[in-house]
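Okay, structure first, notes after.
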Amino acid sequence: MPEAVSACPHPLDIRTPRVPENLAYSLTLPAALASPAVARSATRTILEAHGLHDVTAVAIQVISELTSCACLFTASDSVYLSLRYRDDALRISLYDGHPRHAHRRLAAACDGRRRSLLLLLACVMHACDGEWGFGAAQEPGDGTRMWAVLPREGARAYGRAVTRRGA
């Protein structure tokens, strides 16, 4: 009997190469104590699937810091994580439901608290020649957007330096 022919590809026949340039993922996580661990695990799997083994350890540290902060600050029951790879850099965004304060002093105090919680992130990003920040989120659902741009070469150099110190 002849084999059936289908116009629909079998899922195993899809041959989209998993290269850094097509890395684009988004996750909605509960604002819970376990979410930073889930974000780290998902990030490890995603980066390794896209051949970014050389930046995985640093990226996981960045994701952990941002997710922990977002879960502490959010007023909603979830946070939103976005991972993209563009221009030889991993672009990480975390959205939380904490609204920006209209009162100047309250906004400054809140920003100072967030900045102090992200001190380790700031050090890692500086060592990797990366950029990071936070501000009002226009979407999804307003709140605050935290972001980090982790250049691949800077992350590689940082990873090598940390490995040498630990050896």
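The values are calculated or read from the model by the stated rules, or taken from the named source; none is laboratory data. Worth saying up front: this structure is predicted, and the values here are computed from it rather than measured. As a convention, Cβ positions derive from the backbone with ideal geometry for all residues, glycine included, and neighbour counts pool all protein chains shown. Areas reflect the complete protein model, heavy atoms only, side chains present, ligands, DNA and RNA absent. Shrake-Rupley method; radii C 1.70, N 1.55, O 1.52, S 1.80 Å.
Quick look at the values:
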read-out: Relative contact order of the chain, defined on C-alpha pairs under 8 angstrom at six or more residues apart (%); value: 22 percent
read-out: Given [x] 17.3, 60; [y] 18.7, 78; [z] 20.9, 69, the label whose value is Rg and Dmax of the Cα atoms in Å derived from this model; value: [y]
read-out: Rounded to 10°, Cα long-axis angle of helix 56-73 versus longest principal axis of the chain; value: 50 degrees
read-out: CD proxy at 222 nm, helix term only [per DSSP H run n ≥ 4: -39500 (n - 2.57); per residue of the chain; nearest 500]; value: -14000 deg cm²/dmol
read-out: Cα-centre dipole for segment 42-131 with unit charges at Cβ (Lys and Arg positive, Asp and Glu negative), debye to 20; value: 500 debye
read-out: Candidates ALA107, ALA127, ALA89, ranked by Gaussian network fluctuation over the chain, Cα under 10 Å, top entry; value: ALA107
read-out: Highest-MSF residue in the chain out of GLY143, GLY97, GLY135 [GNM, Cα springs under 10 Å]; value: GLY135
read-out: Whole-number accessible area per residue in Å² for the chain, which is evaluated in the context of all protein chains at 1.4 Å; value: 59 Å²
read-out: Charge tally in the Cβ shell below 15 Å around ALA37, where Lys, Arg are +1 and Asp, Glu are -1, ALA37 excluded; value: +1
read-out: Heavy-atom accessible surface of the chain: percent carbon and sulfur, 1.4 Å; value: 56 percent
read-out: Angle in degrees between helix 35-49 and the longest Cα principal axis of the chain, rounded to the nearest 10; value: 40 degrees
read-out: Electrostatic dipole magnitude of segment 86-167 [Cβ: Lys, Arg +1; Asp, Glu -1; Cα centre; debye, to 20]; value: 340 debye
read-out: Most mobile of PRO30, PRO20, PRO151 in a GNM of the chain (Cα contacts under 10 Å); value: PRO30
read-out: Electrostatic dipole magnitude of the chain [Cβ: Lys, Arg +1; Asp, Glu -1; Cα centre; debye, to 20]; value: 660 debye
read-out: Summed side-chain charge close to LEU118 - residues other than LEU118 whose Cβ falls under 15 Å, Lys, Arg +1, Asp, Glu -1; value: 0
